[in-house]
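K.L.:
Mind having a look at this structure? Questions to follow.
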Amino acid sequence: MKLLKPSWVSHNGKPIFSVDIHPDGTKFATGGQGEDSGKVMIWNMAPVLRDEDEKNENIPKMLCQMDNHLACVNCVRWSNNGLYLASGGDDKLVMVWKRAAFIGPSTVFGSSSKLANVEQWRCVTILRNHTGDVMDVAWSPHDVWLASCSVDNTIVIWNARKFPEMVTCLRGHTGLVKGLTWDPVGKYVASQADDHSLRVWRTMDWQMEANITKPFSECGGTTHVLRLSWSPDGQYLVSAHAMNNSGPTAQIVERGGWKTNMDFVGHRKAVTVVKFNPKIFKKKQKNGSAPKPGCPYCCCAVGSKDRSLSVWLTSLKRPLVVIHDLFDKSIMDISWTLTGLGMLVCSMDGTVAYLDFSLDELGDPLNEEEKNSIHQNIYGKSLAITSTEAQLSTTIIENPEMLKYQQERQSSAQLGPSSAGPEASAPKLNSVMNGESLEDIRKNLLKKQVETRTPDGRRRITPLCIAQLDTGDFSPALFNSAPILPSGSSMSNQLTSQLSSDSSPGPASSLGLRPGHDPMLTSPPAGAATKGPEDNKDGAKSGLLLTSASKIEPMKALDSRFTERSKATPGVTATISSIAGLVPLDSRPKDGGGVSAPKDVKAKDDTSSDSEDKMASINKNLSFSKRKPELLMDGDGVVEKRKKGRPRKDKMAAPMAQPFMQMTPPAEREPSRVAAPPAALKLPTPSIKKAFSLQVSMEPSVFLEVENEVSLIAGSKLSQLRCSRDGRDWNTLLPSSVVTAAGSSDVLAVACQDRMLSVFSSCGRRLLPAIQLATPASALHCSAHFVMALTAGATLSVWDVHKQKALVKNESLLSILSGADTTVSQSLLTQQGVPVIGLSNGKCYCFSSSLETWTLIADKGDSMVQCADFRSCLPTHDAPVSSGPLAVMQGRNLNAGRLASRLSSTPHHLQQSMTLAFLENQLASALTLQSAQEYRYWLLIYARFLVNEGSEHRLRELCQELLGPVHKSAATAWEPTTLGLRKRELLREVLPVIVENLRFQRLFTEYQDQLELLRNK
Amino acid sequence: MAKVQVLNVAVLDNPSPFGNPFQFEITFECMEDLPEDLEWKIIYVGSAESEEYDQVLDSVLVGPVPAGRHMFVFQVSKLWYVWKSFSMPKKT
């Protein structure tokens, strides 16, 4: 062991509180007290390591000095990828620094020409949330999060991919939090505080996993910091200051059960800092002796207030070395080099010391691959992707194509790190800009400077631009390059934020997410609610026009007891409650009066769900009378607007209003007059109203207006159907009252009270003779040239109007409507004419006309869906989340993985299989729904998952299926396309995904070659 | 984050004869293009206790300022300052 105290590393005698060595080992940062501010300094490592470099005047020692912190800097930490430096200080701030790559020379503030910064580090973000001094900061593995702890008793987790976004704030400590450490596998973060406790927090749900107090009960808050550390194998957590038999120790906490049986004893005063060597070691094989499979061990350095430093190996009972009187004051921080052989220690006395170990002393360090395999053995985590970087040096890339992909991937992953590269080991002192040194610029500055007078006589100076700002400011792409997330994955947070931002428009979400309800109960309305904006989005994109799916049913989901009541008095209560469910959707776009509606509904809903059965009728009456005037007003307001025939430009308003319009009940205007006997009816029918209108499509904008009983001719009442399409109107008369209507840009369909279904073209031509339905229509949908009718007798029919053929013929829903109170909560027809039915029990079916059967495409209650954790396989860039019928029916599917957080204890292989099953389900569902976009989306996720998890067989099968037979023969039944997507094009998209794991390079080569072959044919 | 960061202020020609102007070499960094000019002032702090005794010696507009790092020398004649301090109304 060699020991060096580089005297030139100093903050002018002021204390140094923190030290951290850059991951590439070429520089290190110190943080501490400056003259009248906090100070962060970056130093060159080369003069520390080599004597000749120290003497060489051309090699700079100090690389950069930053005085931006207003008060003492307590902690500096490099991100794992080395691109960023985080610093936290007494000014309650955390600053994140990035090297400015292409910027000109600069000087330290207040200095004259002498002291020049060799490297430029610019503060890219200031993280403000703490209300007290920040004591410690720590980057999570893969730089997904940054944690900071403070004397305000909190720990804040920042989203390192999207600064300054805060992920969460961990509260629970009752004293100053003085140290933080991440579990190397990323499952936990641990903190130690002055409240005599060490707490372990889960990264899955950010809840406390353990609170360890016993070893700390006798501790006094005498240390400035309590920097604890987690061993590189993840098995042990070692605390700073703990007490055992009134002697200061460093407590060893075992990961399994958080047991505290062992400690490091020997220091005479409190332990301030513990730091594990990042490497795992194994016994050095002596020449000649028989190779003995030694158990791998870790190395740990402990620094104390008693100014001494001890280094321990977990394989030894006694410390490897103890160094006394190295400093005049308490040791504050320790940092190991990534190689595991060097260590920097800093002290309150303002000096640092460097310790250099040899392999003989510590042992043979395991390489990254071996370390990963240890992790994999213990935690079951596949780190296949993470290890590629390490493997890169050992694995030979066999294919130029592969090399190309790899290089592309790396160059995209390293936008700026050329600056952080090893070239920095001996940077030139005189930075040159445009062939001019800073000195030259300064000399001529006054002469060059242009001074003018403004019209009001003031002096105006045009400054001399000495450096362009590097545009690669805070590129999140760099952080996104971390491909696999240990276990929790920050994606969840991104996802949830997406979810909330997706569903936030409209009070619908507040309805769906109403607290105090069983999630299973509320989920169907949530689905119905998200449908609104969804619908609208699709319409706007002229994609799928999902006509009002949430017919009358949402009330069933809102409160199951409504069903019972609706049986008793089918007309009145049912309609009221359906309004209760739907008014908020409609009232949203309006101002003023409409705003109060959701509140009312909520109140009403709550009371009704609380009330007992005998109270129900009273309640009903009450709410009825209360709602009535408001509803009338609502309804009238909208109808009036529509009658003017003014197409609503408000994209939100129109589709949202649509379900309401169709459902405006006659209860207030005329009593219910449903003709058919209710006994045979499984599904409710919309009741007839005097007039209604709906918007059929946005682009071109088509409006449909229905006016029932317009004229009396020879005793029969005629109804009028009026349609305006881009300002051109047509109208037609129907012999019976129109119950419901629907339309797409191609066709319009209306169902009448006499169970007749009429289909018109967009210009008003009747396309089919009136179709006689067996029972009254419950719901009607049109999409492209398909018409779907759901009858009250629970049968479903779909017709292709162009071909004049039935796709689905009177198919009964009884097989899927099992259970007493399951009803249809949602129905829709996809652009390809596939009917989809969502049930109130959360299941969702589509009728596959090729299989002639109902197929389950989504089940909200399926635990598999909720446990699947594929978030790490989501496209890294913000690719458009699939929005198609599948996503609509599954409530955007963001529920998936919701439970994954609760499964932190599930074995990895179980979760892996669940995710696999889920993804395969999604693929199959997308296929049945004929939703090409979604199929492609899920295929890529599936492929990425297979690549990450390294399941070669499935991947091979998938590729084989996409490639098909290379040689044509008459017997092959292989279809070159699926859902209109060319399979080989899909394979071309999948191949770059495969490249991400070098293990599959043979597979990649194989299929790449075959694709090339086929292309050349 | 502030859009403008002052990176350095160096006092040039220091010490200098009485007749020479003050010279401050100012380096600053700007995160984005500024639509308007920056105003810089040289203030003589008469007393650290109170702003009451602050005297603005000179102010100058600096622009246009595109994103990047910039430098300029802010120069004030001491004689002009002396004249100005005499002409200033006495505060009571």
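K.L.:
Can you tell me which residue among A:Ala46, A:Ala71, A:Ala86 is in contact (Cβ under 8 Å) with a residue 60 or more places away in the chain and within 17 Å of A:Asp356 (Cα to Cα)? If you could, list the steps in order and put the result at the bottom.
P.N.:
Details: A:Ala71 fails: within 17 Å of A:Asp356 (Cα to Cα); A:Ala86 fails: within 17 Å of A:Asp356 (Cα to Cα).
On inspection, the qualifying residue turns out to be A:Ala46.
K.L.:
List pairs: first in segment A:440-451 and touching a residue at least 40 places away in the same chain (Cβ under 8 Å) and within 10 Å of chain B (Cβ to nearest Cβ), second among the acidic types (Asp, Glu) and surrounded by 13 or more Cβ atoms within 10 Å (Cβ to Cβ), Cβ under 9 Å, 6+ apart or cross-chain?
P.N.:
A:Arg442/B:Glu25
K.L.:
With respect to the numbered conditions (1) out of contact with any Gly (no Cβ under 9 Å at 6 or more places or on another chain); (2) closer than 23 Å to A:Ser925 by Cβ, which one is the sole condition not fulfilled by A:His967?
P.N.:
Here A:His967 clears every test but (2).
K.L.:
Here is a list: B:Val45, B:Val4, B:Val62, B:Val56. Which entry is at the interface with another protein chain (Cβ under 10 Å from one of its Cβ atoms) and either modelled with pLDDT of 85 or more or closer than 23 Å to A:Asn117 by Cα (or both)? Even if it seems obvious, please write down each step before you answer.
P.N.:
Working: B:Val45 fails: at the interface with another protein chain (Cβ under 10 Å from one of its Cβ atoms); B:Val4 fails: at the interface with another protein chain (Cβ under 10 Å from one of its Cβ atoms); B:Val56 fails: at the interface with another protein chain (Cβ under 10 Å from one of its Cβ atoms).
After ruling out the rest, the residue left standing is B:Val62.
K.L.:
Still on this model: Return yes when A:Asn211 is surrounded by fewer than 23 Cβ atoms within 10 Å (Cβ to Cβ) and within 27 Å of the chain's Cα centre (by Cα) and no when it is not. If you could, list the steps in order and put the result at the bottom.
P.N.:
Working: surrounded by fewer than 23 Cβ atoms within 10 Å (Cβ to Cβ): yes; within 27 Å of the chain's Cα centre (by Cα): no.
Considered against the rule, which asks whether it is surrounded by fewer than 23 Cβ atoms within 10 Å (Cβ to Cβ) and within 27 Å of the chain's Cα centre (by Cα), A:Asn211 comes out as no.
K.L.:
In segment A:39-68, how many are assigned to a helix (DSSP H, G or I) and among the aliphatic types (A, V, I, L, M)? If you could, list the steps in order and put the result at the bottom.
P.N.:
Going through segment A:39-68, the residues assigned to a helix (DSSP H, G or I) turn out to be A:46-49, A:51-55.
Still in the list and also among the aliphatic types (A, V, I, L, M): A:46, A:48-49.
Looking only at that region, the number is 3.
K.L.:
Follow-up. Only one of these conditions is not met by A:Ile994: (1) surrounded by 16 or more Cβ atoms within 10 Å (Cβ to Cβ); (2) within 20 Å of A:Gln912 (Cβ to Cβ); (3) without any contact (Cβ under 8 Å) to a residue 24 or more places away in the chain. Which number is it?
P.N.:
Only one criterion is unmet by A:Ile994, namely (3).
K.L.:
Name the residue, out of B:Glu29, B:Glu39, that is modelled with pLDDT under 85, within 13 Å of chain A (Cβ to nearest Cβ), within 20 Å of A:Pro463 (Cα to Cα) and part of a strand (DSSP E or B). Lay out the reasoning, then the answer.
P.N.:
Numbers: B:Glu39 fails: modelled with pLDDT under 85.
Testing whether each residue is modelled with pLDDT under 85, within 13 Å of chain A (Cβ to nearest Cβ), within 20 Å of A:Pro463 (Cα to Cα) and part of a strand (DSSP E or B) leaves just B:Glu29.
K.L.:
Sort through A:Val124, A:Val134, A:Val156 and tell me the only one that's of a type outside the set (Gly, Ala, Ser) and either at pLDDT below 90 or at positive phi (or both).
P.N.:
Values: A:Val134 fails: either at pLDDT below 90 or at positive phi (or both); A:Val156 fails: either at pLDDT below 90 or at positive phi (or both).
Result: A:Val124 is the single residue among A:Val124, A:Val134, A:Val156 that is of a type outside the set (Gly, Ala, Ser) and either at pLDDT below 90 or at positive phi (or both).
K.L.:
Being assigned to a loop (DSSP other than H, G, I, E, B), surrounded by fewer than 24 Cβ atoms within 10 Å (Cβ to Cβ), in contact with a helix residue (DSSP H, G or I) (Cβ under 9 Å, 6 or more places away or on another chain) and in contact (Cβ under 8 Å) with a residue 24 or more places away in the chain is the requirement here; does A:Gly764 meet it? Talk me through it step by step, then tell me what you get.
P.N.:
Numbers: assigned to a loop (DSSP other than H, G, I, E, B): yes; surrounded by fewer than 24 Cβ atoms within 10 Å (Cβ to Cβ): yes; in contact with a helix residue (DSSP H, G or I) (Cβ under 9 Å, 6 or more places away or on another chain): no; in contact (Cβ under 8 Å) with a residue 24 or more places away in the chain: yes.
Spelling it out, it is not the case that A:Gly764 is assigned to a loop (DSSP other than H, G, I, E, B), surrounded by fewer than 24 Cβ atoms within 10 Å (Cβ to Cβ), in contact with a helix residue (DSSP H, G or I) (Cβ under 9 Å, 6 or more places away or on another chain) and in contact (Cβ under 8 Å) with a residue 24 or more places away in the chain.
K.L.:
Let me ask you something else. For segment A:329-362, what are the residues that are under 16 Å from A:Ser18 (Cα atoms) and either in a helix (DSSP H, G or I) or of a type in the set (D, E, K, R) (or both)?
P.N.:
A:Lys329, A:Asp333, A:Asp349
K.L.:
I need every pair where a residue in segment A:160-182 that is on the phi > 0 side of the Ramachandran plot has its Cβ under 8 Å from the Cβ of a residue that is modelled with pLDDT of 90 or more, sequence separation at least 6 or different chains.
P.N.:
Close Cβ pairs satisfying both conditions: A:Gly172/A:Arg199; A:Gly172/A:Met208; A:Gly172/A:Asn211.
K.L.:
Residue by residue through segment A:704-728, note down the ones that are part of a strand (DSSP E or B) and touching a residue at least 24 places away in the same chain (Cβ under 8 Å). Spell out how you get there, then give the answer.
P.N.:
Within segment A:704-728, the subset part of a strand (DSSP E or B) is A:704-713, A:716-725, A:728.
Once the filter is applied, which keeps residues that are part of a strand (DSSP E or B) and touching a residue at least 24 places away in the same chain (Cβ under 8 Å), segment A:704-728 yields A:Leu704, A:Glu705, A:Val706, A:Asn708, A:Glu709, A:Ser719, A:Leu721, A:Cys723, A:Ser724, A:Arg725.
The values are calculated or read from the model by the stated rules, or taken from the named source; none is laboratory data. As the structure is a computational prediction, the values presented were derived from the model and not from experiment. Cβ sites come from the backbone with ideal geometry, for glycine too, and all protein chains shown count toward neighbours.
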